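Take a look at the structure below.
The values are calculated or read from the model by the stated rules, or taken from the named source; none is laboratory data. Bear in mind the structure is a predicted one, so any value in this text is a computation, not a measurement. Reconstructed Cβ throughout: ideal geometry from the backbone, glycine too, with neighbour counts over all protein chains shown. The area values use the complete protein model at the heavy-atom level, side chains included, leaving out ligands, DNA and RNA. Shrake-Rupley method; radii C 1.70, N 1.55, O 1.52, S 1.80 Å.
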Amino acid sequence: MTVVEHPELLRDIDRVTLDMMLHSGNDFLEKRASTEGYAPLYGAPALIILSAPGGNDANGFNMANVSCAAENMILAATELGLGSCFVMGPMMAFANPELAGRLGLPEGYVPLVGVLVGYALHGLKSNMRNESGNVTWLE
Ligand SMILES: Cc1cc2nc3c(=O)[nH]c(=O)nc-3n(C[C@H](O)[C@H](O)[C@H](O)COP(=O)(O)O)c2cc1C
């Protein structure tokens, strides 16, 4: 786990991510990145990066592992009154070796997911669960 609070590093991750999104060839990412005022890190003062040795694995165990940890961080942040956002997009920035090197990760570790944390501008709002029928009950 790497906690990035350094403003210059946060700014560079944001800038490189935006640039990669704009040139990704992916319609969704390019549209999102072109949205007026869009910043991949949303101006959050902290980005927690969760990495795993060798990156993702064939069984997806590493991704499940870091994602469970991230979810716990999000729950804890909410309990503390902090806003948070689970992000994978900004991890693409670490394809840039110079930027990846600045994380000081142990040898062979690859960033997989991130959690942005900060105080929300407009307070936290709860999302009501909608009954969209995507749960199958086998009783
Ligand atoms: C696998 C995955 C990757 C995501 N990556 C990003 C991301 O890179 N940037 C982003 O703004 N939201 C990303 N999200 C979406 C947010 O984490 C969040 O789920 C979304 O804003 C909806 O939140 P809500 O249901 O609380 O409104 C991702 C969600 C998932 C499940």
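Structural remarks
- Verdict on Thr35 being farther than 18 Å from Leu99 by Cα, open to solvent by 40 Å² or more (accessible area, probe 1.4 Å) and in contact (Cβ under 8 Å) with a residue 12 or more places away in the chain: no
- Long-range neighbours under 7 Å by Cβ, at least six apart or interchain, first residue at pLDDT 95 or above within region 77-96, second in a loop (DSSP other than H, G, I, E, B) and buried (at least 19 other Cβ atoms within 10 Å of the Cβ): Gly89/Pro40; Pro90/Pro40; Pro90/Leu41
- Just one of the listed residues (Leu41, Leu82, Leu50) is more than 13 Å from the ligand (Cβ to nearest atom) and open to solvent by less than 50 Å² (accessible area, probe 1.4 Å), namely Leu82.
- Members of region 104-139 that are under 23 Å from Gly60 (Cα atoms) and touching a residue at least 60 places away in the same chain (Cβ under 8 Å): Leu105, Pro111, Leu112, Val113, Gly114, Val115, Leu116
Rundown of residues vs (1) more than 14 Å from Met1 (Cβ to Cβ); (2) within 12 Å of the ligand (Cβ to nearest atom); (3) assigned to a helix (DSSP H, G or I), yes/no style:
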{"residue": "Asp57", "(1), (2), (3)": "yes, no, no"}
{"residue": "Phe86", "(1), (2), (3)": "yes, yes, no"}
{"residue": "Leu99", "(1), (2), (3)": "yes, no, yes"}
{"residue": "Pro106", "(1), (2), (3)": "no, no, no"}
{"residue": "Val113", "(1), (2), (3)": "no, yes, no"}
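Residue by residue, here is whether (1) out of contact with any strand residue (DSSP E or B) (no Cβ under 6 Å at 6 or more places or on another chain); (2) of a type in the set (A, V, I, L, M, F, W, C); (3) open to solvent by less than 80 Å² (accessible area, probe 1.4 Å); (4) within 12 Å of the ligand (Cβ to nearest atom) holds:
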| residue | (1), (2), (3), (4) |
| --- | --- |
| Leu22 | yes, yes, yes, no |
| Asp27 | yes, no, no, no |
| Ala64 | yes, yes, yes, yes |
| Glu71 | yes, no, no, yes |
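- Residue check, Leu18 of a type in the set (A, V, I, L, M) and more than 16 Å from the ligand (Cβ to nearest atom): no
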